[in-house]
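One structure below.
The numbers here are math on the coordinates, done by the rules we state, and not lab data. This is a predicted model, so every value here is computed, not measured. Methodologically, a virtual Cβ is constructed for each residue, glycine included, from the backbone with ideal geometry; neighbour enumeration extends over all protein chains shown.
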Amino acid sequence: MLKEKLLLIIPIVVVLAYVFAFVSFDQSSNDETETKIIEHIDVVMPTKVSRPGCENEDRCYIPTKITVEKGQQVTWMNEDSAFHSVTSGFYDSPTNLFDSGYLDPYESFSFTFNESGTFDYFCTLHPWMEGQVIVE
Ligand SMILES: [Cu+2]
């Protein structure tokens, strides 16, 4: 009688242990990925900025102006369906400090600002797209 009960209980315990291990592993890896993605994006290039107009609403890069501390990395994410770039300076006078090149949809670009100052940037494909990083 006792042996029969044990034969019934052991497989159930084994299955539960497997399920628990799998679920807890799955959750922890998901949480980690999610946190990493949220943590790293500072500025977003939203949809429909490849046509003029976003500059009137300060939404070509969101936020248009960002203030960071010296030594901090800034990450841009292209959330549009068109290519965009993050290029230092102005369309008429790029400064060669940083240039992402053409960013694919959902591609990101990061740059670490090691000197304080005000750094303007723009998109080489859409001259009306302008943003600014203020490093304190
Ligand atoms: Cu653009």
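Could you give me the residue pairs with C-beta distances under 7 Å whose first residue belongs to segment 67-84 and is under 16 Å from Cys123 (Cβ atoms) and acidic (Asp, Glu), whose second residue is in a strand (DSSP E or B) and within 16 Å of the ligand (Cβ to nearest atom) wherever it lies, and which are 6+ apart or on separate chains?
Glu79/Val44; Glu79/Met45; Asp80/Met45
Restricting attention to segment 74-96, which residues are loosely packed, with under 14 Cβ neighbours inside 10 Å and not polar (S, T, N, Q)?
Phe90, Asp92 - these are the residues of segment 74-96 that are loosely packed, with under 14 Cβ neighbours inside 10 Å and not polar (S, T, N, Q).
Please name all residue pairs, on different chains or six or more residues apart, with Cβ atoms under 6 Å, provided the first residue is in segment 43-57 and is in a loop (DSSP other than H, G, I, E, B) and the second residue is more than 10 Å from the ligand (Cβ to nearest atom).
Pairs that qualify, where the first residue is in a loop (DSSP other than H, G, I, E, B) and the partner is more than 10 Å from the ligand (Cβ to nearest atom), are Pro46/Ile62; Pro46/Glu79.
Given the structure, is Asp92 among the acidic types (Asp, Glu) and within 20 Å of Pro105 (Cβ to Cβ)?
no
Tell me, which strands (runs of 3 or more DSSP E) wholly within segment 62-136 include 3 or more residues that are more than 14 Å from the ligand (Cβ to nearest atom)?
Once the strands (runs of 3 or more DSSP E) in segment 62-136 are filtered for at least 3 residues that are more than 14 Å from the ligand (Cβ to nearest atom), what remains is 65-68, 72-78, 94-99, 108-113, 117-122, 130-135.
For segment 92-107, give me each residue that is farther than 19 Å from Gln73 by Cβ and charged (D, E, K, R).
Asp92, Asp104
How many of the residues making up segment 71-103 are at positive phi and under 19 Å from the mean Cα position of the chain (by Cα)?
Matching residues across segment 71-103 total 2.
Looking for something over 19 Å from His40 (Cβ atoms), in contact with a strand residue (DSSP E or B) (Cβ under 6 Å, 6 or more places away or on another chain) and exposed (fewer than 13 other Cβ atoms within 10 Å of the Cβ) - is there at least one such residue anywhere in segment 118-131?
yes
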